[in-house]
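Before any comments, here is the structure.
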Amino acid sequence: MDTLTRIRAFIDVVEAEGFSAAARKTGRSKALLSKYVRELEDDLGALLLNRTTRQFSLTEAGHTYYRTASDILKEIDNLADLVREKNSDLKGKLRLSVPRTFIDADVGQSLIDFARENPELSMEIVADDRFVDLIEEGFDLAIRITKLEDSGLIARKLSDFRVHAVATPDFVARHGPLETPQDLGKVPCIIDTNSRFQNHIRYFEPGGGTNSVATRGPIEVNSPQATLRAARSGLGVAIVPDFIARPHIQSGELVTLFDEYISRDRGIYAVYPHRRYLPAKVRSFVDYLSNWFRKNG
């Protein structure tokens, strides 16, 4: 029996958290999967799984073997992708982590467009505002909106990114004049709790250096979309991403404040683990998004 077949069976069982679930997922019988795992254990001379009628768990040896075997199989699959004649013939599954702000905004259409053009590739898109551990949690790549810091991951910038301080013209007329970010400490603000700095807004001084101002307001919410809606309702000033605020700025519904003070040192990045062989599906996806932003930015 092919050792790789046994290893794949073992990984399928672990990731499905049981033989029955793995059988349903892979279309193989529970008895066959059990046979493959038992033969793998016999070859290794070590017990990899503790199995009873009610419980399923990895042994210490099983944990070690699973981590290493998963990496090896990924490299084998990636190498197979690498030598395919046409990258357009993408198959398999692409597991992607994206911020909720991204997927819910117009730019989220980029993911839908890619899926439409690659019907044989299955995409699992997980919307999560936290920075997931790509390797530990089994993601192929992530979209991140950030000021990129050294993380040991490979990153490709897809687009520039900036935020705006916005409010309705009526709000500005009632509470103005608003001339510098320090004025935000005197007026109601909408607090996006996703921000690293919470109710402190950081900004650049015209002469160099950074500063911050403490803000308060009627609403604190961990959603840029909800923050934007509150600003559009005239409840306060909000700091929101350009790609969700732009239509409302262009229509005149919202006006921007302190543009010369607001940070522009962030970007939208595709990040993925450093591997010797980059899967064709990841490479094609990143290339597609880079082109999409050039055309639609």
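The values are calculated or read from the model by the stated rules, or taken from the named source; none is laboratory data. Given the structure is predicted, the values throughout are model-derived calculations rather than measurements. With ideal geometry, Cβ positions are generated from the backbone for all residues, glycine too; neighbour counts draw on all protein chains shown. Ligands, DNA and RNA are stripped out before the accessible areas are found, and what is left, the full protein with its side chains, is counted by its heavy atoms. Shrake-Rupley method; radii C 1.70, N 1.55, O 1.52, S 1.80 Å.
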Can you pull out the trypsin sites (Lys or Arg not before Pro) in the range 189-274 whose DSSP state is coil and whose Cβ has at most 14 other Cβ atoms within 10 Å? 196, 264
Would you please report the Å³ per residue occupied by the convex hull of the alpha carbon atoms in the chain? 174
Using Cα atoms only, what is the angle between the long axis of helix 280-296 and the major principal axis of the chain, expressed in degrees (0 to 90) to the nearest 10? 20
Computed over the chain: longest principal axis from alpha-carbon atoms vs helix 3-16 long axis, angle to nearest 10 degrees, is 50
Roughly how tilted is helix 30-44, in degrees to the nearest 10 and between 0 and 90, from the longest Cα axis of the chain? 80
Over the chain, with the other protein chains present, what is the accessible area per residue in square angstrom, probe 1.4 angstrom? 54
Of the peptides 168-174, 126-132, 204-210, how do they stack up when ordered by the mean number of other Cβ atoms within 10 Å, highest first? 168-174, 126-132, 204-210
Proximal lysine pairs in the chain, meaning Cα under 16 Å and 8 or more positions apart or interchain, come to 9
